[in-house]
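Each value in this text was obtained by applying a stated rule to the coordinates, not by laboratory testing. Since we're looking at a predicted model, the values are computed, not measured. Because the Cβ atoms are built from the backbone with ideal geometry, glycine has one as well, and the counts that use them run over all protein chains shown.
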Amino acid sequence: KAGDYVVAYAVEKAEGMYHQQNGKLQWMEPGEENCHVEVSVRDAADNRFIPALEVHARLIDENGDEVGKHRQPFLWHPWLYHYGRNWKVPGDGKYSLEVTIAAPDFGRHDKKNGKRYAEDVKVTFENVKIETGQK
């Protein structure tokens, strides 16, 4: 739990997915990327997925060196909406994963329940095991 959110992550091998290219869906393989970082952001009060957020992730290796920082775009998934992308990391190991969620600018209905998500949130997960590869 972090403020008004419940933030979770998953890391898998890099995977292909469909992207819009010239008005058509085209399957894209991961290329040189070797892991897929997923971030789920849910409402802490009712556990619903929160869409339309700006989510960034930063990976730090065991030596404290930054591996990379990327915006995690929304990804449609048949059973788990999430913010994610494929990454290229140096290799298998344990990393720290910092997730930053910007306070959204979308409107909120309901005077009682709508006063949420007013501040940026940062969460750090330690000892994130990454096994590189592609699906």
Practice problem: List the trypsin sites (Lys or Arg not before Pro) within segment 4-68 that fall in a DSSP loop (any state other than H, G, I, E or B) and whose Cβ has at most 12 other Cβ atoms within 10 Å. | Solution: Arg48
Quiz item: Which of the following values of Cα Rg over 2.2 N^0.38 Å was calculated from the structure shown: (i) 1.12; (ii) 0.99; (iii) 1.08?
Solution: (i)
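Within the chain, what's the longest stretch lacking GluC sites (Glu not before Pro) that sit in DSSP loops with no more than 12 other Cβ atoms inside 10 Å?
Values: sites that count: Glu32, Glu62, Glu119, Glu131.
With a cap of 12 other Cβ atoms within 10 Å, the longest stretch comes to 63-118.
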Self-check item: Distant-in-sequence amide H partners of Val89 (H built 1.01 Å from N, under 5 Å)
Solution: Asn34, Cys35
Practice problem: Quick one: compute the contact order of the chain, relative version, from alpha carbon pairs under 8 angstrom and 6+ residues apart, as a percent. | Solution: 29
Quiz item: Along segment 126-135, what does the Karplus equation 6.51 cos²θ - 1.76 cosθ + 1.60 (θ = phi - 60°) give for ³J(HN,Hα), rounded to whole Hz, x for Gly and Pro?
Solution: 9, 6, 7, 7, 10, 10, 7, x, 10, 7
Exercise. Have a look at Leu53, Leu25, Leu97 and tell me which one the Gaussian network model of the chain (Cα, springs below 10 Å) gives the largest fluctuation.
Key: Leu25
Practice problem: Within segment 64-123, report the trypsin sites (Lys or Arg not before Pro) that DSSP leaves as loop and that have at most 12 other Cβ atoms within 10 Å. | Solution: Arg108, Lys111, Lys112, Lys115
